[in-house]
Amino acid sequence: MARISILILVGDLILICSLIFFFSCDSNNFSDEDVSSPIQLVPEDQVRLSNDPEKTEIFRDAGLGLFVHWGPNSQIGSEISWPLNNASRDYMDKYYSLAETFNPTEFLADEWATLAKLAGMEYVVFTAKHHDGFCMFDTEFSDFKITNTPYTKDIVAQVAEAFRKEGLLVGFYYSPGDFRYHFETGVPQNGLMTPAFDSKTPFGPQQKDFLSYEQGHVEELLTKYGDVFMLWFDGNCEPLKKHAWRINQEVFIGRGEIPTPEQRIPGEVADHAWESCMTTSWQWSYQPHPDLRTSKEVIHNLVKIRSRGGNMLLNVGPKPNGKIASPDEAILRDLVLWMMMYGEAVRQVRPWIVTNEGDVWLTHKNNGETSTLYAIADFSYDEVGTSWQQFSGRRLSLKSVEATEQTKVSILGQSGECPWHQDERGLHITAFNTHTVQIIAYPGNNPEFVQRGHSWGPDWPVAIKITNVKPAESE
């Protein structure tokens, strides 16, 4: 029996050695393409180098997004990243050491997401990495990241989860330019908007060349954080954009693929995807004493952008403790009220045949042969003979509109209909705001208002809904 057992054991060893030899020899026939990878890339010759048309329409329907610029620099109230441009080595050392004390213990992503949802926002674009190279996410490719600060937790993960839970589309800002790379490696910088994609100098824990280092970040952002709707590249991004589409062909590329003017609104209508990036103040990052825009200016900007076919991406800069600053929150709270009443006029709309008639701004939804039109205008007490005992109102005439037998006119958020009539000069409407919430033009220094202690609402525009209309033939 002992001799038989030995023979069986020897036979088993011979079989195992043969299998090992076979597989080791056969593995030499596999190319790099055959080795399984955690990320399956779309082949280069099959990738579509443009945004998906369906995703583009989803983006255009969304209309209003929240932009967030945030990082360790918020502790000193400076602009994010740009103070590193032409800075002394001493200043750069101090700037980069801010990560050692960055600890936003009062950050609650759910609070941000709830406020954004209430304010009528449909998507968020959060700064995953700005020009200074600081990563607000846990990455294998850099030690300069949020999880190496006293805070230790992944901010991007919390933002993605909270905003997605509220039904908002999730987007990440990513800067291809990286001051940190040049700071650490000494590779000459040819301008921040011309990233060092050709540099082979190794960098980071993985000792990757610059392009591989950034492609690694893009892979992480598109695979670790659930359904990511958008990437937003601030600077020359061609190899990163292509790599993103090879990872996820359906991801929508904002800046880098569509026009995204900053702090301005193009003067002409453009019936394609574009986005104006606007701040609540005049700095992207947190500022302790900001010079704020008024809520009226923010609302008027939104209305003009939507009338011209674009989206508004409204930026806030959170405080170093993670809270949205009170002045920014006040503007967002004002948006909550306006969007609750009139948001229908700027959601899922497209430009009318004219953007505006005087100070009346127009958007519409196509219903087939007819459209639902929204006329957005300021109301006041003086244009329709009202008094302090009555309500604000407005008479307006629209030359570009032709009514039908099914046309109805009303004020969004208010019961009842407005009187109107059509003649050869256009559609004429008389609208009174009888709703308890009065959003009106300031009545001036009328002593009657002052003596009677009359209180008036904020000076914001009102939206009138006009159903079943067509473009006037003369237009």
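Listed values, structure above:
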{"item": "Lone unmet requirement of (1) among the aromatic types (Phe, Trp, Tyr); (2) surrounded by fewer than 22 Cβ atoms within 10 Å (Cβ to Cβ); (3) under 23 Å from GLY71 (Cα atoms); (4) in contact with a Gly (Cβ under 6 Å, 6 or more places away or on another chain) for TRP274", "result": "(3)"}
{"item": "Considering residues of the range 372-395 that are modelled with pLDDT under 95 and assigned to a strand (DSSP E or B) only, the residue surrounded by the fewest Cβ atoms within 10 Å (Cβ to Cβ)", "result": "ARG395"}
{"item": "ASN190, sole failed condition from (1) modelled with pLDDT of 95 or more; (2) over 22 Å from the mean Cα position of the chain (by Cα); (3) not hydroxyl-bearing (Ser, Thr, Tyr)", "result": "(1)"}
{"item": "Which listed residue is at pLDDT 95 or above, part of a loop (DSSP other than H, G, I, E, B) and charged (D, E, K, R), from LYS304, LYS323", "result": "LYS323"}
{"item": "Residue tally, condition out of contact with any Phe, Trp or Tyr (no Cβ under 9 Å at 6 or more places or on another chain), surrounded by fewer than 24 Cβ atoms within 10 Å (Cβ to Cβ) and within 18 Å of GLY216 (Cα to Cα), over the range 99-144", "result": "3"}
{"item": "Per-region count, the range 89-100, residues under 14 Å from PHE144 (Cβ atoms) and either in contact (Cβ under 8 Å) with a residue 40 or more places away in the chain or not acidic (Asp, Glu) (or both)", "result": "7"}
{"item": "So LYS208, is it within 21 Å of ALA160 (Cβ to Cβ) and among the basic types (Lys, Arg)", "result": "no"}
{"item": "Residue list for the range 37-63, filter: touching a Leu at 6+ places or on another chain (Cβ under 9 Å) and among the hydrophobic types (A, V, I, L, M, F, W, C)", "result": "ILE39, VAL47, ILE58, PHE59, ALA62"}
{"item": "When residues of the range 259-295 are limited to those that are within 18 Å of the chain's Cα centre (by Cα) and outside any loop (DSSP other than H, G, I, E, B), the one nearest to PHE59 (Cα to Cα)", "result": "GLU275"}
{"item": "Top-ranked residue of the range 282-293 - restricted to ones that are touching a residue at least 40 places away in the same chain (Cβ under 8 Å) and out of contact with any helix residue (DSSP H, G or I) (no Cβ under 7 Å at 6 or more places or on another chain), ranked as surrounded by the most Cβ atoms within 10 Å (Cβ to Cβ)", "result": "TRP284"}
{"item": "Enumeration of residues in the range 337-371 that are aliphatic (A, V, I, L, M), surrounded by 17 or more Cβ atoms within 10 Å (Cβ to Cβ) and in contact with a Gly (Cβ under 8 Å, 6 or more places away or on another chain)", "result": "MET339, MET341, VAL346, VAL349"}
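Residue-by-condition table, conditions (1) assigned to a helix (DSSP H, G or I); (2) touching a residue at least 60 places away in the same chain (Cβ under 8 Å); (3) charged (D, E, K, R):
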residue	(1), (2), (3)
ILE58	yes, yes, no
SER74	yes, yes, no
ILE80	no, yes, no
ALA87	no, no, no
THR105	no, yes, no
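Here is a yes/no grid of residues against (1) closer than 22 Å to ILE305 by Cα; (2) in the same structural domain as VAL298 (by TED's automatic domain parsing); (3) at pLDDT 95 or above:
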| site | (1), (2), (3) |
| --- | --- |
| GLU33 | no, no, no |
| GLU44 | no, no, no |
| PHE59 | yes, yes, yes |
| ALA62 | yes, yes, yes |
| GLY65 | yes, yes, yes |
| PRO72 | no, yes, yes |
| ILE76 | no, yes, yes |
| ASN85 | no, yes, no |
| TYR95 | no, yes, yes |
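Condition check ((1) more than 14 Å from SER142 (Cβ to Cβ); (2) among the hydroxyl-bearing types (Ser, Thr, Tyr); (3) part of a helix (DSSP H, G or I)) across all residues:
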site: GLY171; (1), (2), (3): yes, no, no
site: GLY177; (1), (2), (3): yes, no, no
site: PHE183; (1), (2), (3): no, no, yes
site: VAL187; (1), (2), (3): yes, no, no
site: THR194; (1), (2), (3): yes, yes, no
site: GLU214; (1), (2), (3): no, no, yes
site: HIS217; (1), (2), (3): no, no, yes
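The values are calculated or read from the model by the stated rules, or taken from the named source; none is laboratory data. Since this is a predicted model, take the numbers as computed values, not measurements. Glycine also receives a Cβ, built like all others from the backbone with ideal geometry; neighbour counts cover every protein chain displayed.
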